[in-house]
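Okay, so here's the structure we're looking at.
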Amino acid sequence: MKQLKFNFIAILVISFSGCFQLTPIEQNVVVDEKRFSELIANGIRYLDEYDKGDAQALLRSKSSFSIARDLKPSSPLAFDGLGSVAFRQADYRLAQFLFEKSIEKDEGYGRAKANLAAVHYREGRYAIAEKLLRRAVKLNALDHRAVNNLSSLLYNTSASQSAKRQEGELGFYKAREIAKQKSVLIEENIKVVSGDGFSR
């Protein structure tokens with residue numbers, strides 16, 4: 001008879017109030033999970049600050065993601081974050097390696113696929129980028145960034161009036177609907193496809 005394996009964190013969720021106490025090792029696991037989540041959130045926030053003009057934020061982001069990777073080397077999140085840092089540093093070979101490592105850690109993590117697609121797009125490998133973005137959108141149809149990126153790729157690499165280009169145009173409007181907050185990038189893309197924006 002096979003024994004069931006239990007995830008420690010799942011056991012915590014079904015704890016009975018006051019029926020048991022966590023050992024020091026178990027307490028460290030909970031603290032490490034919380035700290036890991038904080039580090040990932042910080043890394044993302046620093047990437048956003050960098051994108052808004054704070055050049056020093058990229059180093060802070062790399063530091064946060066590096067510590068998170070050391071805390072939880074099996075998680076795809078830290079590798080994806082480090083790949084995002086490398087991409088912003090224009091180290092596309094390292095970014096590709098890190099995004100692939102993230103996917104290796106969790107094949108179902110769509111964000112890394114979308115980010116890896118950006119590397120392939122930048123390098124002119126459009127078919128690979130499209131395939132990765134379609135997988136990312138299939139994994140998470142509510143990822144407005146992946147939908148926007150797929151739409152941009154289809155729109156920019158397809159002939160005028162083609163089915164793919166029309167799919168790209170529609171995708172920008174889908175991305176707008178999915179996004180929880182107004183995205184300047186999506187709005188700019190919509191202006192372009194509607195003819196109100198800058199020339200193609």
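Count of the range 101-111 residues, restricted to those that are over 17 Å from residue 72 (Cα atoms) and part of a helix (DSSP H, G or I), is 2. When residue 95 is tested against the conditions (1) of a type in the set (A, V, I, L, M, F, W, C); (2) over 21 Å from residue 34 (Cβ atoms); (3) surrounded by 23 or more Cβ atoms within 10 Å (Cβ to Cβ); (4) touching a Leu at 6+ places or on another chain (Cβ under 6 Å), the lone failure is (4).
When you scan the range 102-109, do you find a residue that is small (Gly, Ala, Ser) and either surrounded by 16 or more Cβ atoms within 10 Å (Cβ to Cβ) or in contact with a strand residue (DSSP E or B) (Cβ under 7 Å, 6 or more places away or on another chain) (or both), even just one? Within the range 102-109, one or more residues are small (Gly, Ala, Ser) and either surrounded by 16 or more Cβ atoms within 10 Å (Cβ to Cβ) or in contact with a strand residue (DSSP E or B) (Cβ under 7 Å, 6 or more places away or on another chain) (or both). A count restricted to the range 47-92 and to residues that are among the small types (Gly, Ala, Ser), surrounded by 19 or more Cβ atoms within 10 Å (Cβ to Cβ) and closer than 19 Å to residue 123 by Cα stands at 3. Does the range 45-64 contain any residue that is within 25 Å of residue 175 (Cβ to Cβ), assigned to a loop (DSSP other than H, G, I, E, B) and of a type in the set (Lys, Arg)? Yes, some residue in the range 45-64 is within 25 Å of residue 175 (Cβ to Cβ), assigned to a loop (DSSP other than H, G, I, E, B) and of a type in the set (Lys, Arg).
Number of residues in the range 121-147 that are assigned to a helix (DSSP H, G or I), of a type outside the set (Lys, Arg) and under 13 Å from the mean Cα position of the chain (by Cα) equals 8.
Checked against (1) aliphatic (A, V, I, L, M); (2) surrounded by fewer than 17 Cβ atoms within 10 Å (Cβ to Cβ); (3) in contact (Cβ under 8 Å) with a residue 12 or more places away in the chain; (4) farther than 26 Å from residue 109 by Cβ, residue 193 passes all but a single condition, namely (2).
Taken together, the values in this text are just the output of simple stated rules run on the coordinates, not laboratory data. Quantities reported herein were computed from a predicted structural model and do not represent experimental measurements. Quick reminder, even Gly has a Cβ in these numbers, built from the backbone with ideal geometry, and neighbours come from all protein chains shown.
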